[in-house]
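Below you'll find the structure, written out as structure tokens, and then a few comments.
The values are calculated or read from the model by the stated rules, or taken from the named source; none is laboratory data. All values reported here derive from a predicted model rather than from experimental measurement. When we count neighbours, we look across all protein chains shown, and the Cβ atoms used for this are built from the backbone with ideal geometry, even at glycine. Side chains included, ligands, DNA and RNA excluded: accessible areas come from the protein's heavy atoms. Shrake-Rupley method; radii C 1.70, N 1.55, O 1.52, S 1.80 Å.
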Amino acid sequence: PEETVTSSFASFIHAVRPEHLSKTVRHRSKRMILDSIGVGLVGSTTHVFDLALQYCRLYSSVAVSSVYGKPGVKLSPTLAAFTNGVATHSMDFDDTWHPATHPSGAVLPALLAASQMIPPNTKPNGMDFLLAFNVGLEVQGRLMHFSTEAHNIPKRFHPPSVVGTMGSAAATAKLLSLSTTQCTHALGIAASLSGAPMANAATQAKPLHIGNATRLGFEAALLAARGMEANPLILDDIPGCSGFSAFYSVYQPKPLSTPSDHHEFLLEKQDIAFKRFPAHLGMHWVVDAALSVRNLFINYAGSFSPSLIRTIVLKIPVSKYINRPFPSSEHQARHSFQFNACTALLDGEVGLSSFAESSIHRQELRELLDKVVVEHPEDNIANFDKMYGEVALLLHSGDVLTGKCDTFYGHWRKPLSKESLLKKFRSNASHVLP
């Protein structure tokens with residue numbers, strides 16, 4: 001039969017081998033796994049995680065898979081994947097790629113849960129696990145390149161709910177050694193289980209997007225393994241009948257070449273962004289810009305004195321769901337340029353405690369927020385590879401102090417050091433583990 005885009009992806013999933021992973025890809029993906037587990041562990045301390053866990057314990061029958069941060073609790077594999085996916089994204093602390101998505105949280109919980117489901121005599125080794133993880137990353141990355149729309153900060157669908165579900169299906173299909181035909185159907189089934197609207201950003205429902213992506217992709221692979229079929233052209237551009245193209249405008253699918261000694265994974269070409277504090281990735285630009293101008297202000301005035309400031313000007317991209325002047329909840333605060341810039345100015349840092357109720361509703365923070373004016377320069381594009389953050393303090397004296405950041409520490413152009421990554425992991429894991 002003639003090769004299609006969909007069959008090329010299925011062939012890749014089935015045929016790729018550990019030796020196709022370069023040293024760089026192995027190193028970068030191990031860092032992602034370490035960070036994602038730490039983020040999941042600290043995420044298991046959140047209220048939204050507790051809600052998800054309570055729900056899953058109602059339905060757990062074959063309890064063989066572990067739950068982050070709960071040593072005595074096991075759930076059925078797909079529900080464990082869902083719960084751990086919610087934990088991973090509960091604080092918006094998980095890694096981010098470009099085009100924009102959260103790749104690890106959509107894949108790793110499914111693989112961990114599936115590994116505990118597999119009988120002892122057929123369990124995967126570490127290299128098999130790492131390969132399946134990278135298959136999930138590669139499929140997500142390739143799918144995001146099918147549309148120019150995906151390259152900018154999204155407006156319609158939350159990307160991990162779309163490509164993450166497909167990545168989870170691909171990764172689990174690889175771990176379970178599905179045939180090429182079964183891989184095709186796993187992708188087709190996963191497409192019918194994908195998609196969540198951006199309007200639920202900055203709410204408790206947003207972590208469900210990751211939980212559902214990793215769980216439903218896992219379920220798609222399990223259904224395909226049992227013989228369920230789906231459209232074998234799901235990724236192709238079929239006029240008059242939307243498949244995966246339903247999620248994107250300007251859809252231009254490209255086949256994925258069969259792996260060879262010269263196959264280059266996308267993770268080889270571009271590293272991942274790791275977050276230093278638990279908030280939307282866009283916040284990291286304005287926080288670094290705010291910290292920079294804060295240092296200038298202290299050198300200017302001797303200390304940080306908000307009373308000397310007349311206006312705070314934020315120059316940020318147009319992105320409605322993260323432009324929140326006065327957030328009233330922790331999830332809104334994690335998605336507010338204004339909140340994160342003013343918190344950095346006031347405290348000299350942003351961390352876990354910054355999003356506690358007591359921190360969000362401080363009078364001194366509210367007074368700073370009242371001084372914020374937002375501008376959208378034409379050259380500041382809502383794109384994680386091109387955007388910048390600028391914070392200007394207009395003082396009552398007439399002086400102006402400015403801080404700007406075009407690449408924050410943790411961005412793929414400026415990766416976290418090994419020491420910084422381990423420090424983040426230990427800090428997160430210590431909330432749960434001795």
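Return the residues of the stretch 52-76 that are within 25 Å of residue 123 (Cα to Cα) and touching a Lys or Arg at 6+ places or on another chain (Cβ under 9 Å); say none if nothing qualifies.
Answer for the stretch 52-76, where residues must be within 25 Å of residue 123 (Cα to Cα) and touching a Lys or Arg at 6+ places or on another chain (Cβ under 9 Å): 60, 63, 64, 65, 66, 67, 73, 75.
Would a scan of the stretch 129-141 turn up a residue that is under 29 Å from residue 382 (Cα atoms), open to solvent by 10 Å² or more (accessible area, probe 1.4 Å) and out of contact with any Cys (no Cβ under 9 Å at 6 or more places or on another chain)?
no
Out of the stretch 307-329, which residues are surrounded by 15 or more Cβ atoms within 10 Å (Cβ to Cβ), modelled with pLDDT of 95 or more and either at positive phi or not in a loop (DSSP other than H, G, I, E, B) (or both)?
308, 309, 312, 313, 314, 315
Among the residues of the stretch 196-214, which ones are open to solvent by 40 Å² or more (accessible area, probe 1.4 Å) and within 21 Å of residue 246 (Cβ to Cβ)?
Residues satisfying the conditions are 197, 199, 200, 208, 212.
Kindly list the number of the only condition in (1) among the polar types (S, T, N, Q); (2) within 24 Å of residue 278 (Cα to Cα); (3) assigned to a helix (DSSP H, G or I); (4) open to solvent by 10 Å² or more (accessible area, probe 1.4 Å) that fails for residue 36.
All conditions pass for residue 36, except number (4).
Any idea which of (1) in contact with a strand residue (DSSP E or B) (Cβ under 6 Å, 6 or more places away or on another chain); (2) more than 29 Å from residue 154 (Cβ to Cβ); (3) in a helix (DSSP H, G or I) is the one residue 341 doesn't satisfy?
(2)
Please specify each residue of the stretch 368-385 satisfying the condition of being assigned to a loop (DSSP other than H, G, I, E, B) and open to solvent by 60 Å² or more (accessible area, probe 1.4 Å).
370, 376, 378, 379, 381
Among the residues of the stretch 139-147, are any among the hydroxyl-bearing types (Ser, Thr, Tyr) and part of a helix (DSSP H, G or I)?
no
With respect to residue 30, is the statement that it is in the same structural domain as residue 95 (by the TED database), touching a Leu at 6+ places or on another chain (Cβ under 8 Å), open to solvent by 50 Å² or more (accessible area, probe 1.4 Å) and farther than 22 Å from residue 206 by Cα true?
Yes, satisfied.
So which of 113, 63 is more than 26 Å from residue 415 (Cα to Cα) and in a loop (DSSP other than H, G, I, E, B)?
Within the list 113, 63, the selection yields 63.
Go through (1) open to solvent by less than 40 Å² (accessible area, probe 1.4 Å); (2) farther than 24 Å from residue 301 by Cβ for residue 358 and report which single condition fails.
The number of the failed condition is (1).
List every residue pair whose Cβ atoms lie under 6 Å apart, where the two residues are 6 or more positions apart in sequence or sit on different chains, the first residue falls within the stretch 386-405 and is buried (at least 18 other Cβ atoms within 10 Å of the Cβ), and the second residue, located anywhere, is among the charged types (D, E, K, R).
Between residues of the stretch 386-405 that are buried (at least 18 other Cβ atoms within 10 Å of the Cβ) and residues that are among the charged types (D, E, K, R), the close pairs are 388/406; 390/315; 390/404; 405/288.
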